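Everything below concerns the one structure shown next.
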Amino acid sequence: IGCRVFQNCTNLKNVTFESGNNNLQIDKYAFYATAVQQMIFPLNTTSIGSYAFGECASLEKVTFNEGLETIGSAAFVNCKNLVGDIVIPSTVTEIGGGYTYDTEGAFENTSIYSVTIKNGNAAISIDSCAFRGCTDLRYADLSNRVQKIGDQAFADDTYLKALIIPRMSTVGRNILSGCTKLTDVYYPSTQTSYNSYVKVNSDNEVY
C-alpha cells in the first residue's frame with residue numbers, strides 16, 4: 001500500500017485486510033488523518049511505515065501480528081483515542097522514533113495504558129521518543145530483547161509507575177524525564193554488571 005494513498009480520507013472508518021501469500025507493507029502516511037476506528041493487521045504484514053496512521057483521531061484499538069518486523073516513526077502519533085494494552089510481537093525489531101528531540105515517536109501522544117514486548121530471539125530497538133507523552137501509560141515490560149532505548153523514549157509519561165527492563169545495552173538521554181510517578185528503577189543484576197554492560201551517555205542524564 002503506497003505512500004499517502006488514503007491520506008486525509010476523513011470519512012474512511014473501516015479497513016479490513018485479508019491475509020495472502022505476499023508480504024504486506026504499509027508505506028508512510030498511507031492512512032494518515034483518516035477516521036479508521038480499529039486496525040487488525042493480517043498475518044502477512046511485515047512493516048508499518050512512518051506516519052502511516054498518524055493523526056487518526058478516531059483510532060481506538062490496534063492488534064499487531066506475529067511476523068511484523070518494523071513499526072515506523074510516528075506511525076500512530078497523536079492518535080489520542082488509542083487506548084488499552086499494546087502488545088508488540090516477538091518478531092518486531094524496531095519501534096521507530098527520531099534522532100533529535102524534534103522528531104516524533106511511533107506511539108507518541110497516544111492514550112495507551114500499557115505496552116508489552118514479547119520475548120523472542122530477535123533484538124529490538126526502541127527509538128527516540130517512541131512512547132513520549134503517553135500520559136495514560138502505567139506499565140511497560142520491555143522483554144529480554146531490548147538492545148537500545150533511544151533519547152526521551154518514555155519522557156513525560158506522567159502516569160508511568162512500572163518499567164521492566166530485563167536487559168539493556170544502550171540507553172539514551174532523558175528516557176524517563178518527567179515521569180513524576182516513577183519512584184524506583186531496578187536493574188536485576190550487580191552494580192559491576194551494570195557498569196560493564198550498560199552504556200550510558202557521557203552526561204548521565206538517563207534518569
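Between rounded, prolate and oblate, where does region 26-73 land on the alpha carbon gyration tensor, with a ≥ b ≥ c its root eigenvalues, rounded for a/c under 1.5, else prolate if a/b exceeds b/c? Before the final figure, lay out the partial values.
Values: a/c = 2.41, a/b = 1.35, b/c = 1.79.
Here region 26-73 falls in the oblate category.
Can you give me the % of accessible surface on region 76-162 that is carbon or sulfur? Probe 1.4 Å, all protein chains present, nothing else counted. Present the calculation step by step, with values, prior to reporting the outcome.
On the way: 1360 of 3090 Å².
About 44 percent, which is the carbon plus sulfur part of the accessible surface.
Mind checking the per residue accessible area of the chain for me, 1.4 Å probe, whole number of Å²? Don't skip to the answer; put the middle values down first.
On the way: 9870 Å² over 207 residues.
Averaged over the residues of the chain, the accessible area is 48 Å².
When DSSP assigns beta bridges and you keep just the ones with both residues in the chain, what percent turn out antiparallel, to the nearest 5?
Working: 1 of 30 bridges.
Approximately 5 percent, going by the DSSP bridge assignments.
What residue among ALA153, ALA33, ALA122 shows peak mean-square fluctuation when the chain is described by a Gaussian network model with Cα springs under 10 Å?
Result: ALA122 has the largest fluctuation of those listed.
Using alpha carbon centroids, what distance separates region 5-55 and region 58-115, in Å?
Cα centroid of region 5-55 versus Cα centroid of region 58-115: 13 Å apart.
Compute the normalised compactness of region 52-114: alpha-carbon radius of gyration over 2.2 N^0.38 Å, N being the residue count. The partial results should precede the final answer.
On the way: Rg = 11.3 Å, N = 63, 2.2 N^0.38 = 10.6 Å.
Normalised Rg, Cα atoms only: 1.06.
For LEU82, enumerate residues with amide H under 5 Å from its amide H, sequence gap 5+ or separate chain, H modeled in the peptide plane.
SER111
Quick one: ranking LYS118, LYS161 by accessible area, 1.4 Å probe, largest first, what do you get?
Ranking LYS118, LYS161 by accessible area, largest first, yields LYS161, LYS118.
Find the Cα radius of gyration of region 85-141, compare it with 2.2 N^0.38 Å by division, and give the number to two decimals. Provide the component values of the computation, followed by the final result.
Numbers: Rg = 11.3 Å, N = 57, 2.2 N^0.38 = 10.2 Å.
The reported ratio for this selection is 1.10.
Computed over the Cα atoms, what is the radius of gyration of region 1-125 divided by 2.2 N^0.38 Å, N being its residue count?
Working: Rg = 13.4 Å, N = 125, 2.2 N^0.38 = 13.8 Å.
That ratio works out to 0.97.
Check which residues have an amide H placed less than 5 Å from ILE164's amide H, if you skip close sequence neighbours.
So ILE164 has HN proximity to ALA140, ASP141, LEU142.
Using a Cα-Cα cut-off of under 21 Å, which lysines could be cross-linked to LYS13, ignoring same-chain neighbours fewer than 8 residues away?
Of all the lysines, those that pass the test against LYS13 - Cα under 21 Å, at least 8 places apart if same chain - are LYS28, LYS61, LYS80.
The values are calculated or read from the model by the stated rules, or taken from the named source; none is laboratory data. Quick caveat: nothing in here was measured; it's all calculated off a predicted structure. These area figures cover heavy atoms from the full protein model, side chains too; ligands, DNA and RNA do not enter into them. Shrake-Rupley method; radii C 1.70, N 1.55, O 1.52, S 1.80 Å.
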